[in-house]
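The values are calculated or read from the model by the stated rules, or taken from the named source; none is laboratory data. Please read all numbers here as calculations on a predicted model, not as lab measurements. Every residue, glycine as well, gets a Cβ built from its backbone with ideal geometry; the counts of neighbours run over all protein chains shown. Areas reflect the complete protein model, heavy atoms only, side chains present, ligands, DNA and RNA absent. Shrake-Rupley method; radii C 1.70, N 1.55, O 1.52, S 1.80 Å.
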Amino acid sequence: MKATFFVTLIAGFVASSTAFDHAQKRAQRPQEAYKGEVVEPTLKLDTVNLKQLPETVASLTPRAANDFYECRNTRPMPSDSDCNNIIDEVFALDTPLIVAPNACLLFQYGTCWGFFCALCQQLSTDTNFVGSQLVNAEALCVANGQIGTVVSSDAPEWEAGFIYQGASLPTYDVC
């Protein structure tokens, strides 16, 4: 199954080790087709259920003092292997990104949709940072049979995570 990659871009688009070895998978994957689309989060969630991101999970990037996560039950569940394919594709891009406020990058593969959203202001980042946050969401939530989101309430605020294909993208009011 080919991954479809939807991305919201404001500026130019240039075309570690964890329990799941993404670096090896990246070298073996063929180039994929990419398409751009604007996507906005639609499911407003309360920050009351956010938990502090554990030190042990933030393995690829330093954990900020105000990084949180929330896992939620849903049926059907996205396939963990589909979500790991998304992580591999995001790392394989190895490119800088600029994301508009309240806009999301949406990554689709099989039953899994991964996302990365800028919440309050324009955000300059890269696909390695995005991939690292998706690794955290996968390890905390998807690997345990849930969907989930990692959220940073420090400026510039962002969120990243996984949902089942076609479900509403979550958003947290941290601005």
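Summary of computed values
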| item | result |
| --- | --- |
| Any hit, the stretch 129-137, residues being at negative phi and more than 14 Å from the chain's Cα centre (by Cα) | no |
| Residues that are at pLDDT 75 or above and open to solvent by 30 Å² or more (accessible area, probe 1.4 Å), drawn from the stretch 55-70 | PHE68, TYR69 |
| Residues located in the stretch 72-119, provided they are hydroxyl-bearing (Ser, Thr, Tyr) and crowded, with 24+ Cβ neighbours inside 10 Å | TYR109 |
| Restricting the stretch 137-157 to residues that are among the aliphatic types (A, V, I, L, M) and in a strand (DSSP E or B), the residue that is modelled with the highest pLDDT | ILE147 |
| Of all residues making up the stretch 143-161, the number that are farther than 17 Å from ASN49 by Cα and crowded, with 20+ Cβ neighbours inside 10 Å | 1 |
| Qualifying position, being buried (at least 20 other Cβ atoms within 10 Å of the Cβ) and either of a type in the set (Ser, Thr, Tyr) or over 12 Å from the mean Cα position of the chain (by Cα) (or both), among TYR172, TYR164 | TYR172 |
